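Input: one structure, supplied below.
The values are calculated or read from the model by the stated rules, or taken from the named source; none is laboratory data. What you are looking at is a predicted structure, and each value in this text was computed from that prediction instead of being measured. Ideal geometry is used to build each Cβ from the backbone, glycine not excepted, and the neighbour counts take in all protein chains shown. When the accessible area is computed, the model is the full protein with side chains, heavy atoms only, and any ligands, DNA or RNA have been set aside. Shrake-Rupley method; radii C 1.70, N 1.55, O 1.52, S 1.80 Å.
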Amino acid sequence: MMLPCIYHGIRRAAVHTLRTSRGTPPCRFWSTGDGVPVALADAETIFALSSGHGRCGVAVIRASGPGSATALRCMAGLTRSLPPPRTALLRSIADPQTKEVLDRGLVLWFPGSVPGMRPAEAGEFTRRAFQAGKLGLTEVEGLGDLIHAETEAQRRQALRQMSGELGRLYQDWSHRLKRCLAHVEAFIDFSEDELIEDGVLNQVDRSVCDLQAEMERHLQDERRGERLRSGVQVVIAGATNAGKSSLLNTLCQRPAAIVSPIAGTTRDVVETALDIGGFPVLLSDTAGLRESADLVEREGVRRARERVEQADLTLVVVDCARLPSDTQQAVAFLQGHLRSVLPNEEQPEMVFPAERFLVVLNKGDLLHEEQRLKLDGELRRVSGLPPVCLISCHTNEGLQDFLSVLHSSVKTLCGDPLSGAPTLTQARHRAHLQQCFAALAQYQRYRDIDLALAAEGVRLALTSLGRITGRVGAEEILDIIFKDFCIGK
């Protein structure tokens, strides 16, 4: 039940008319009557602005429930019959009391009803779709992610989850767990009567081992899906006056942070959201890392180190003027500088993973051309350093190459949302899957000691998985028992 093409000028009035007509035949707005499950047969009619708030040229209002047909007739002047189902009809939209024409728009009627009319609660249309079995819980979450997607990669991941691929994976695991539990329960209850064939527990053992292996691989995804959903945490760190705030301003193309030749200008963390080649990034500028007697600056340094520890990617900014003139010594200087900036500096042989760190040599315009080329060549040959980019925030020299390297790093951290197996997208999924994995370990632990406790492990695993999919029930276990073993014929 939807009425597309209702213009901004009448939207508020139409919603107001529906809101004030609760309990009476609804008036003035188009309507549609989505198919509603029998379980919701006594629900009220609900309506909501579906196209979002704010000024716009077109608005869509959706209604669902028993009063939908009345609302459609009142507002679209349909005195005799409703329009053909799922057929757009251009009508004048009028106030049913004053007969004042509000606008002209399309009305759509989707038959299926249930009775009152009230504003829909947040997410209620989607909730009804879930309760009707039209959407799984992971698909609902994918729809929510799609609505809030701000980058192309987020949109692709949300669409993939909304298509049901992740839900189908979990449903497959759930089905296999149900079969395992049913077989164990059948063995406990009926093995003494010789109604269960030999080797059924061996089949359960193999299934549980296979499920554990698949879940372990699924959990070892380096949180790529979660990172893509919430944004890659990129932190700019380094000594004072290295050009960290200048780099932030250059990347976000606005004066987000104060730039000053005075050391220690940045005291707190300055954040800005960016879209780097379709991938979401939360970029943070931090206080310069140095010893200070100033209490405020010391707190800023503490926060900066804390952000570096939490970061997915750290951009270590270095002032080119501080580099030794000898290129080999410059490499050793950078290695020592990295150890002083990054966490776990007490480890002298610290490894700097290329996907976690990126060195940005700023103020490259202050170097002679020959010195720049020699330094660049030496850094390309050396090992033991993360990728190094030579740039100038003043002239933008080297900026495109740096953005290319940054995009590659962010893409590696997020992965391709359209390739490979579907990934975890929410911490909620991860927590329940970890509980499921631990419960299967309980089965392994008690398999030869107490089969009832082992079965409880499978039941707990199934419950944890059901909290992700939103579906689990005892009746399904009984169905499998009687179908697989024909108990009692």
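Going toward the positive end of the dipole of the range 203-332, with +1 on Lys and Arg Cβ and -1 on Asp and Glu Cβ, which of V331, V208, H218 do you reach last?
Sorting the options by dipole projection puts first V331.
For the range 173-260, which whole percent of the accessible surface, found with a 1.4 angstrom probe, sits on carbon and sulfur atoms? Present the calculation step by step, with values, prior to reporting the outcome.
Values: 1710 of 4170 Å².
The value for the range 173-260 is 41 percent carbon and sulfur by accessible area.
Let me ask something else about it. Packing-wise, with mean Cβ within 10 Å as the measure, how do 214-221, 171-178 rank, highest first?
Values: 214-221: 14.2, 171-178: 18.6.
Per-residue mean Cβ counts within 10 Å order the peptides as 171-178, 214-221.
Report the gain in length on full extension from E355 to L399: 0.36 nm times residue separation, minus Cα-Cα distance, nm rounded to one decimal. Intermediate values should be presented prior to the final figure.
On the way: separation 44, 0.36 × 44 = 15.84 nm, distance 1.90 nm.
This chain segment gains 13.9 nm when fully extended.
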